[in-house]
Amino acid sequence: MLRDGIPFVFVPAALAIAALALGYWHVALPLVLLAAFMAYFFRNPERQTPDDESLVVAPADGRVTRVARLDANGAESPTVVSIFLSVFDVHVNRAPIAGEITDVSYTRGRFVIATREDASLVNEQNSLTIRGARMTVVCRQIAGVLARRIVCWKSAGDRLSLGERFGLIKFSSRTDLVLPPEVEVSVRVGEKVRGGVSIIGRLRA
């Protein structure tokens, strides 16, 4: 379990124990269920990441809701891939490529539904620019309706290995990945992906 989740598990668990001690079973049961869900939500599974610097892997678990060029009329336009994370998905964010973080930019904003296309423009978000040996990508952590805190454990100048954990978004959210035109995207809208494992695209030969 992630360290960030300990308070969310400990508090309802402690309250449940206190309720049980006082004989309030009807109060203790929902608190136990809440503590169990929080432990499930903040799970942190190990993943086997592919070893290939030409690949881009998913930065998060979830469902692909958008695959589109930023400039619909530009053949050389970057492509954005949006991944929606429900409360049942693992919320750890992982590096889509290996490389150096050249910029981290946090922007305050709203908390509209993360599946809305304009969420990337109006919602609270944190953007990481990662420069690898063969490409540079931008990964955006975007808050949703329930999400109220974006967590990033890395700073500009830090290096990431492929699939390395760099943060999380607490509760339902979205992660956007902006890919350079030389990356051939291999996922489609509606597809389920796993962070650090599923291949989002690869460099064209």
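The values are calculated or read from the model by the stated rules, or taken from the named source; none is laboratory data. The shown structure was predicted, so the numbers you read here are calculated from the model rather than taken from an experiment. Counting neighbours? That spans all protein chains shown, and the Cβs are built from the backbone with ideal geometry, glycine included.
Structure above, values below:
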quantity: Restricting the stretch 45-66 to residues that are more than 14 Å from the chain's Cα centre (by Cα) and among the polar types (S, T, N, Q), the residue that is farthest from Ser86 (Cα to Cα); calculated: Ser54
quantity: Residue match in the stretch 170-186 (condition: in contact with a strand residue (DSSP E or B) (Cβ under 7 Å, 6 or more places away or on another chain), among the hydrophobic types (A, V, I, L, M, F, W, C), in a loop (DSSP other than H, G, I, E, B) and under 30 Å from Phe8 (Cα atoms)); calculated: no
quantity: Cβ-Cβ under 8 Å pairs, at least 6 apart or on other chains, the stretch 121-141 side in a helix (DSSP H, G or I), far side at pLDDT below 90; calculated: Val122/Gly109; Val122/Arg110; Val122/Val112
quantity: Check on Leu85, over 15 Å from the mean Cα position of the chain (by Cα) and within 25 Å of Gly196 (Cα to Cα); calculated: no
quantity: Neighbours by Cβ (under 6 Å, 6+ apart or cross-chain): first from the stretch 57-70, on the phi > 0 side of the Ramachandran plot; second crowded, with 24+ Cβ neighbours inside 10 Å and among the β-branched types (Val, Ile, Thr); calculated: Gly62/Ile83
quantity: So Pro78, is it outside the structural domain of Leu179 (by TED's automatic domain parsing), touching a residue at least 12 places away in the same chain (Cβ under 8 Å) and under 19 Å from Gly132 (Cα atoms); calculated: no
